[in-house]
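A.B. asks: Sending over a structure as structure tokens; questions will come in a sec.
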Amino acid sequence: MTFLPTHPQLARALAERNYTDPTPVQTAVLADEAAGRDLLVSAQTGSGKTVAFGLAIAKNLLGEAERFGRGGKPLALVVAPTRELALQVQRELTWLYQYTGARVVSCVGGMDPRREQRELADGAHIVVGTPGRLCDHLRRNSLDMSELKAAVLDEADEMLDLGFREDLELILQAAPATRRTLLFSATLPRGIVALAKQYQHDALRLEASAPRGGHADIEYRAIRVVPSDVEHAVVNVLRFFESPSAIIFCNTRNAVRHLHASLMERGFSAVALSGEFSQGERTHALQALRDGRARVCVATDVAARGIDLPNLDLVIHAELPNDPEVLQHRSGRTGRAGRKGVSVMLVPPSRRRRAEMMLNQAGINAQWGAAPQADEIRKLDQQRMLQDAVFTEEATEDDLVLARALLAERSPEAVAAALVRLYRARLPSPEDIVDPGQGRDFARERGRDDRGERRGPRERDSGPAPGGRTGFRRPMEGGSVWFRANVGRRKNAEARWLLPMICRRGGIDKTAIGAIKIYESITEFEISGQAAEQFTAQIMRPDKEEHITIEALPEGPRGEAPVEQGAEKSAGPAKAHDVPPRRFDKPRYDKGHKHHAEGRKPQGEGAKPHGERPRDGAAKFDKKPGFDKKKWRPKYKPAQAGQPRRDDAAAPGKPAFGKKPKHKMKHKHRG
């Protein structure tokens, strides 16, 4: 199949690049029904979209002319979400329009805006830029779009996710209403559809991507790995596939920085990409990948959007993406334009369910398995060495002279052994990785039994818990092994932080942990028999918390010297809120409680016990003179029955009972 009829100069450029078979998106935009219309195209990443819209707008820009005239106001505008994608689009359009005399100018953040202003003033036919920088040139009146004939929005969904909606609306409102608008997006969410309805006229919607199932040229793999072995798994995956170029995705800048440093220490030629890098540093890193000086790129999602690297056959998700769309965008860095690629996800046990849901939503059928082991990698190294080009290339006369000299001094076995050592010296060493297991462990984590059926709340924890505490805890299948850690109550040991520490140190799930007994200076805990071997191998490795040592107790729990009563703590399946109840030596009671007066003697002849309220309505509790804040007057103890009131003979200078004091209270009452 050949390209549909297009401009002769563009067809010449395509022929030189060996473009003979068009991709589905290129065929769709060149169809007769799409000629001259606004387009809303849904196409996968790496499906040839840049060449597609470059061919689609050629008729609008050139018409029947063979070449462009002198550059002036731009005729076409291409908006991309990131700097790297904009620069890549500029390179693609430059070679596509090389025989038409087109002048393609880029306007991206991180570059010198004054240089861009000079280039725009000298005249341009096509302008490619990011939304923010294009809006800056519009506000400074250095970008005049009055003669614009076509506007292209590439990766529109990503631009909306990055918060560029207002910038896009400003750009589209400044363009002439007679322009042709082409909108390309990997997905078509509601925001994209609303934007198309507002700024496109009678747009033709094209579905050029596969309906469901991800890229057909990408092999998806999901690898089980414990969190402490993520870096080791990345090393083994890189060594297993030996791709000429690979990209590793992390979610944060700190993760990129840490993993990049770790790979450099192990001998990989790696570069890093994240938002904290300047445009010059990012351009230098990408150029190193294209030249072959670097083989591995560690990047974040935004920094790697739109990157198209030659011979990129491997994508590793060191951290799970946030949603299925990000997964597809990450994986789309490989398997581009008919090339085959591999996308590997590293899935810790606690994130398996989320990974399965994400793959299901994306329509991807991934192959689950364990990380490549060191023995497998060494066998592959042996095969690769035998097939290395150093043995297949024809030897020169100087090479033969040196070979004869070596054989005269050394035996063939010694020469071959030296060659093997030299070959292995340039390869990073593989790492030993423990497989966290499959099937049963993950089913238990998801709250299911061995048959895959969901268990009830009582079924998950049944039976008496160790240490005398009642609970619902099922006995461990396959027996259990006890371990001891050198921390206890003296170092504030609690189950809520011991449990995650044990899981992290041993690379196991919390379902494999049974009873936890905390003593004064040590802690003993139970591990299921199925996970005991893996746990023992993991705790032998050095850890950041070197002050906490863990050792096996083959004879079972032994405890320690007797301590004071109530000192021992024990826990079943520990939870974050498992805190032992407070204990008091004596019960606390409020005043007036019936037990508070027990054992006290009456206060005089005929006196009633303390706290008992008298039933005689005339007599009240004795109260000291206080201050009534509501009425702002002092109150006194009421008179007893039969006694005369003081109202009739109030002392001179003192207020009578029940009457408001004559003086004004300007100061605080002192009682």
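A.B. asks: Take the conditions of a type outside the set (Ser, Thr, Tyr), more than 18 Å from residue 507 (Cβ to Cβ), part of a loop (DSSP other than H, G, I, E, B) and free of Cβ contacts under 8 Å to residues at least 40 places away in the same chain and apply them to residue 417. Does it pass? Can you show your working first?
C.D. replies: Numbers: of a type outside the set (Ser, Thr, Tyr): yes; more than 18 Å from residue 507 (Cβ to Cβ): yes; part of a loop (DSSP other than H, G, I, E, B): no; free of Cβ contacts under 8 Å to residues at least 40 places away in the same chain: yes.
Criteria not met by residue 417.
Conditions tested, residue by residue: (1) within 20 Å of residue 44 (Cα to Cα); (2) touching a helix residue (DSSP H, G or I) at 6+ places or on another chain (Cβ under 7 Å); (3) part of a loop (DSSP other than H, G, I, E, B); (4) hydrophobic (A, V, I, L, M, F, W, C).
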{"position": "141", "(1), (2), (3), (4)": "no, no, yes, no"}
{"position": "147", "(1), (2), (3), (4)": "no, no, yes, no"}
{"position": "168", "(1), (2), (3), (4)": "no, yes, no, yes"}
{"position": "171", "(1), (2), (3), (4)": "no, yes, no, yes"}
{"position": "183", "(1), (2), (3), (4)": "yes, yes, no, yes"}
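A.B. asks: Can residue 270 be described as in contact (Cβ under 8 Å) with a residue 12 or more places away in the chain and surrounded by 23 or more Cβ atoms within 10 Å (Cβ to Cβ)? So that I can check it myself, show each step before the final result.
C.D. replies: Details: in contact (Cβ under 8 Å) with a residue 12 or more places away in the chain: yes; surrounded by 23 or more Cβ atoms within 10 Å (Cβ to Cβ): yes.
For residue 270, the condition - in contact (Cβ under 8 Å) with a residue 12 or more places away in the chain and surrounded by 23 or more Cβ atoms within 10 Å (Cβ to Cβ) - is met.
A.B. asks: Which one of these is assigned to a helix (DSSP H, G or I) and either of a type in the set (Asp, Glu) or touching a residue at least 60 places away in the same chain (Cβ under 8 Å) (or both): 88, 117, 98? So that I can check it myself, show each step before the final result.
C.D. replies: Numbers: 117 fails: either of a type in the set (Asp, Glu) or touching a residue at least 60 places away in the same chain (Cβ under 8 Å) (or both); 98 fails: assigned to a helix (DSSP H, G or I).
Just a single option satisfies the conditions, and that option is 88.
A.B. asks: If you don't mind, another one. Give segment 360-388 a look and list any residue that's in contact with a helix residue (DSSP H, G or I) (Cβ under 8 Å, 6 or more places away or on another chain) and either touching a residue at least 40 places away in the same chain (Cβ under 8 Å) or at positive phi (or both), or say none.
C.D. replies: First pass over segment 360-388, keeping only residues in contact with a helix residue (DSSP H, G or I) (Cβ under 8 Å, 6 or more places away or on another chain): 361-362, 364-366, 371-374, 376-377, 380-381, 385, 388.
362, 364, 365, 366, 371, 372, 373, 374, 376, 377, 380, 381, listed by residue number.
A.B. asks: While we're here: Give segment 253-269 a look and list any residue that's in a helix (DSSP H, G or I) and small (Gly, Ala, Ser), or say none. Before the answer, list the steps.
C.D. replies: From segment 253-269, those in a helix (DSSP H, G or I) are 253-265; that's our starting set.
Correct list: 255, 261, 262.
A.B. asks: Scan segment 477-498 residue by residue and report those that are in contact with a helix residue (DSSP H, G or I) (Cβ under 6 Å, 6 or more places away or on another chain) and surrounded by fewer than 13 Cβ atoms within 10 Å (Cβ to Cβ).
C.D. replies: Within segment 477-498, 478, 479 meet the criteria.
A.B. asks: Continuing with this model, one more query. Find the residue count for segment 225-251, including only residues that are touching a Pro at 6+ places or on another chain (Cβ under 7 Å) and either within 18 Å of residue 375 (Cβ to Cβ) or surrounded by fewer than 19 Cβ atoms within 10 Å (Cβ to Cβ) (or both).
C.D. replies: Going through segment 225-251 one residue at a time, the tally reaches 7.
A.B. asks: Give the residue that is modelled with the highest pLDDT, with candidates limited to residues of segment 304-324 that are closer than 24 Å to residue 51 by Cβ and not in a strand (DSSP E or B).
C.D. replies: Keep residues of segment 304-324 that are closer than 24 Å to residue 51 by Cβ, which gives 304-313, 315.
Cutting the leftovers down to not in a strand (DSSP E or B) gives us 304-311.
Numbers: 304: 64, 305: 67, 306: 63, 307: 72, 308: 71, 309: 76, 310: 70, 311: 79.
If we take residues in segment 304-324 being closer than 24 Å to residue 51 by Cβ and not in a strand (DSSP E or B), then 311 is modelled with the highest pLDDT.
A.B. asks: Hey, another quick one. Can you name every residue in segment 328-358 that is touching an Asp or Glu at 6+ places or on another chain (Cβ under 6 Å) and over 29 Å from residue 434 (Cα atoms)?
C.D. replies: 335, 340
A.B. asks: Here is a follow-up. For segment 282-296, give me the residue count where each residue is surrounded by fewer than 16 Cβ atoms within 10 Å (Cβ to Cβ) and farther than 17 Å from residue 243 by Cα. Write out each step before concluding.
C.D. replies: So the first thing to find is which residues in segment 282-296 are surrounded by fewer than 16 Cβ atoms within 10 Å (Cβ to Cβ), and the list is 284, 287, 290-293.
Now narrow it down to the ones that are farther than 17 Å from residue 243 by Cα: 284, 287.
The number of residues fulfilling the criteria is 2.
A.B. asks: Take residue 69 and tell me if it is closer than 18 Å to residue 146 by Cα, in the same structural domain as residue 150 (by TED's automatic domain parsing), small (Gly, Ala, Ser) and without any contact (Cβ under 8 Å) to a residue 40 or more places away in the chain.
C.D. replies: Numbers: closer than 18 Å to residue 146 by Cα: yes; in the same structural domain as residue 150 (by TED's automatic domain parsing): yes; small (Gly, Ala, Ser): yes; without any contact (Cβ under 8 Å) to a residue 40 or more places away in the chain: yes.
Answer is yes for this residue.
A.B. asks: Pairs please, first residue from segment 234-256 and in the same structural domain as residue 276 (by TED's automatic domain parsing), second anywhere and of a type in the set (Lys, Arg) and not in a loop (DSSP other than H, G, I, E, B), Cβ atoms under 6 Å, 6+ apart in sequence or on different chains.
C.D. replies: 249/330
A.B. asks: Of everything in segment 315-359 that's of a type in the set (Lys, Arg) and without any contact (Cβ under 8 Å) to a residue 40 or more places away in the chain, which residue is surrounded by the fewest Cβ atoms within 10 Å (Cβ to Cβ)?
C.D. replies: Of the residues in segment 315-359, the ones of a type in the set (Lys, Arg) are 330, 333, 336, 339-340, 351-354.
Those still in the list that are without any contact (Cβ under 8 Å) to a residue 40 or more places away in the chain too: 351, 354.
Numbers: 351: 15, 354: 11.
Only one residue tops the list, namely 354.
A.B. asks: Here's a follow-up. The conditions are (1) surrounded by 18 or more Cβ atoms within 10 Å (Cβ to Cβ); (2) on the phi > 0 side of the Ramachandran plot, and residue 101 fails exactly one of them. Which is it?
C.D. replies: (1)
A.B. asks: Considering only segment 474-532, give the strands (runs of 3 or more DSSP E) lying wholly within it that have at least 3 residues that are touching an Asp or Glu at 6+ places or on another chain (Cβ under 6 Å). Even if it seems obvious, please write down each step before you answer.
C.D. replies: Values: elements: 480-485, 513-518, 523-528.
Of the strands (runs of 3 or more DSSP E) lying wholly inside segment 474-532, those with at least 3 residues that are touching an Asp or Glu at 6+ places or on another chain (Cβ under 6 Å) span 480-485, 513-518.
A.B. asks: Please verify whether segment 8-25 includes one or more residues that are surrounded by 22 or more Cβ atoms within 10 Å (Cβ to Cβ), in contact (Cβ under 8 Å) with a residue 12 or more places away in the chain, farther than 16 Å from residue 97 by Cβ and not assigned by TED's automatic domain parsing to the domain that holds residue 312.
C.D. replies: Looking through segment 8-25, at least one residue is surrounded by 22 or more Cβ atoms within 10 Å (Cβ to Cβ), in contact (Cβ under 8 Å) with a residue 12 or more places away in the chain, farther than 16 Å from residue 97 by Cβ and not assigned by TED's automatic domain parsing to the domain that holds residue 312.
A.B. asks: Continuing with this model, one more query. Taking the options 371, 389, 366, name whichever one is surrounded by 20 or more Cβ atoms within 10 Å (Cβ to Cβ) and more than 25 Å from residue 24 (Cα to Cα).
C.D. replies: On the way: 389 fails: surrounded by 20 or more Cβ atoms within 10 Å (Cβ to Cβ); 366 fails: more than 25 Å from residue 24 (Cα to Cα).
Just one listed residue meets the conditions, 371.
A.B. asks: Filter segment 323-340 down to the residues that are touching a helix residue (DSSP H, G or I) at 6+ places or on another chain (Cβ under 8 Å) and under 26 Å from residue 262 (Cβ atoms) and list them by number. Talk me through it step by step, then tell me what you get.
C.D. replies: If we filter segment 323-340 for residues that are touching a helix residue (DSSP H, G or I) at 6+ places or on another chain (Cβ under 8 Å), which is where we start, we get 323-330, 333.
Within segment 323-340, 326, 327, 329, 330, 333 meet the criteria.
A.B. asks: On to the next question. Report, by residue number, each residue of segment 153-180 that is in contact with a strand residue (DSSP E or B) (Cβ under 9 Å, 6 or more places away or on another chain) and either under 17 Å from residue 138 (Cβ atoms) or free of Cβ contacts under 8 Å to residues at least 12 places away in the same chain (or both).
C.D. replies: Matches in segment 153-180: 153, 159, 164, 167, 168, 171, 172, 175, 179.
A.B. asks: If residue 257 satisfies all but one of (1) crowded, with 23+ Cβ neighbours inside 10 Å; (2) of a type outside the set (Ser, Thr, Tyr); (3) at pLDDT 90 or above, what's the number of the condition it fails?
C.D. replies: Only one criterion in (1) crowded, with 23+ Cβ neighbours inside 10 Å; (2) of a type outside the set (Ser, Thr, Tyr); (3) at pLDDT 90 or above is unmet by residue 257, namely (1).
A.B. asks: Take residue 487 and tell me if it is of a type in the set (Val, Ile, Thr) and modelled with pLDDT under 85. I'd like the intermediate steps shown before the answer.
C.D. replies: Numbers: of a type in the set (Val, Ile, Thr): yes; modelled with pLDDT under 85: no.
No.
A.B. asks: With in a strand (DSSP E or B), among the small types (Gly, Ala, Ser) and under 30 Å from residue 433 (Cα atoms) as the only criterion, which of 294, 272 stands out?
C.D. replies: Details: 294 fails: in a strand (DSSP E or B).
Of the residues listed, the single one that is in a strand (DSSP E or B), among the small types (Gly, Ala, Ser) and under 30 Å from residue 433 (Cα atoms) is 272.
A.B. asks: Within segment 398-413, is there a residue that is under 30 Å from residue 347 (Cα atoms) and of a type in the set (Asp, Glu)?
C.D. replies: Looking for residues that are under 30 Å from residue 347 (Cα atoms) and of a type in the set (Asp, Glu), one finds none in segment 398-413, hence no.
A.B. asks: Within segment 74-92, can one find any residue that is over 45 Å from the mean Cα position of the chain (by Cα), assigned by TED's automatic domain parsing to the domain that holds residue 171 and farther than 19 Å from residue 13 by Cα? It would help to see each step written out before you state the result.
C.D. replies: Narrowing segment 74-92 to residues over 45 Å from the mean Cα position of the chain (by Cα): none.
Taking every residue of segment 74-92 in turn, none turns out to be over 45 Å from the mean Cα position of the chain (by Cα), assigned by TED's automatic domain parsing to the domain that holds residue 171 and farther than 19 Å from residue 13 by Cα.
A.B. asks: Ok, one more. Every residue in segment 235-252 that is touching a strand residue (DSSP E or B) at 6+ places or on another chain (Cβ under 6 Å), part of a helix (DSSP H, G or I) and of a type in the set (Val, Ile, Thr), please.
C.D. replies: 237, the sole residue that qualifies.
The values are calculated or read from the model by the stated rules, or taken from the named source; none is laboratory data. All values reported here derive from a predicted model rather than from experimental measurement. So basically every Cβ, Gly included, is an ideal-geometry build from the backbone, and we count neighbours across all protein chains shown.
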